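Novice: The structure follows.
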Amino acid sequence: MLPVVLQPNPLTAASLAQACLSPASASTLRFSIYDISIRNAWVDGRRVFSAEYHFDDESFEKARRLITQGVSDVKTSLKQKNYMYARQRLGETMHTLQDFYSHSNWIELGNRSPYSTLITPSQPFENLADVSTPTCRSCDIDCTNNILEPIITQKKLTSGYFSLTSSKKPAGGRTPGGLVQKEPPLYQRKEDEGDDCGLPLHVGGSAVEVVSSYRYLGVHLSNNLTWSNNTSSLVRKAHQQLYFLRGLRRAGLGSPVLTSFYRCVVESVLCSSISAWHGSCSAADRKALQRVVKAAQRSVGVSLPTTTDIYTSRCRKRATCIMKDPTHPAHSLFVPVPSGRRLRSGKCKTSRLRSSFIPEAVRLLNAT
């Protein structure tokens, strides 16, 4: 007697579990799907300017390495029974794999089957368009049918270019299949030439350029030692991620899933390196940060920790790690008093120094 094959229709977590003869596992399966989908969306939030994660800028080889490495990580995690990490890596890998079909001209070339080369490193990519090869016409909003005829007739495989700021072609003869990616500048020139910051510094016979702000490891450092530029940048990035959070809410996802997405995508951006700058933020900067948290609360539907609470928690955790590591350069700054119950507080002549990480961490640890 032939086995009965149940076809899930419509395709939902419950119908799929029923088809697998395990209706009791529907809730677990639904949670796993949510976990994978959230990590899939996470790639757009945290890897927005990394071309290889989206098959942009003709980065086919790099993107394939991400896919094959992701498949390997999923298999290894399953063998180790680390199912949470396996789901996360699966979501990330699926995002890159999906973007190949949506960000390249694979479909426009008449293909209607999956491209097996994407998961087979031993197979070379064939007939790729070079980075310097013109591939399409300029477009503003509607880029339908803008691929150049030679690309179609020669069956060349090409990808798009992405940017949040410009829809013009990249310089140097490269023509995008979409929007061109432009990385934000690493620093900004001073607009006020009369603002003298002292004698110029020369390195190797050349004067070092004086700038008003500099972006280092994602943190904007200003020459006036304020954090307004850094706060504005973080708030702007966090607001971009709130769009995806609202989309998940409209899709009917519950508060636990929305909270997890907020912690992974929005809070991680808003509180990046928070222990280094939050203590010296102005009241206006802190209000701007908190407005983002309140906007997220309205979407999630539950109370979320304030940026001040996160700063306090991370300061304590970071300081504790430094005290336990005698090789850390700042280890000698956490000196206990003879009783051993408290840490010695250093003298701070300025409010800026008093609000910096080390004095603030000492006060927090002494208060516990």
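The values are calculated or read from the model by the stated rules, or taken from the named source; none is laboratory data. Predicted, not measured: the structure shown is a model, and the values here were computed from it. Surface areas here come from the heavy atoms of the whole protein model, side chains and all, with no ligands, DNA or RNA. Shrake-Rupley method; radii C 1.70, N 1.55, O 1.52, S 1.80 Å.
Novice: Please give the solvent-accessible surface of THR350 in Å², to the nearest 10, using a probe radius of 1.4 Å with every protein chain present.
Specialist: 70
Novice: Working with all protein chains in place, sort LEU78, LEU217, LEU242 by solvent-accessible area computed with a 1.4 Å probe, largest first.
Specialist: Putting LEU78, LEU217, LEU242 in descending order of accessible area: LEU217, LEU78, LEU242.
Novice: Would you tell me the accessible area of MET94, worked out with a 1.4 angstrom probe on the heavy atoms of the protein chains, in Å² to the nearest 10?
Specialist: 70
Novice: In square angstrom, rounded to the nearest 10, how much accessible surface does ASP57 have for a 1.4 Å probe?
Specialist: Here the accessible area works out near 40 Å².
Novice: Hey, how much of the P(r) for the range 237-308 falls beyond 14 Å, as a percent of Cα pairs?
Specialist: 57
Novice: Computed over the Cα atoms of the range 97-147, what is the convex hull's projected area averaged over all directions, in nm²?
Specialist: Averaging across all directions leaves 4.5 nm² for the Cα convex hull.
Novice: Follow-up question, since we're still on this one. Report Rg(Cα)/(2.2 N^0.38 Å) for the range 272-368, keeping two decimals.
Specialist: It is 1.25.
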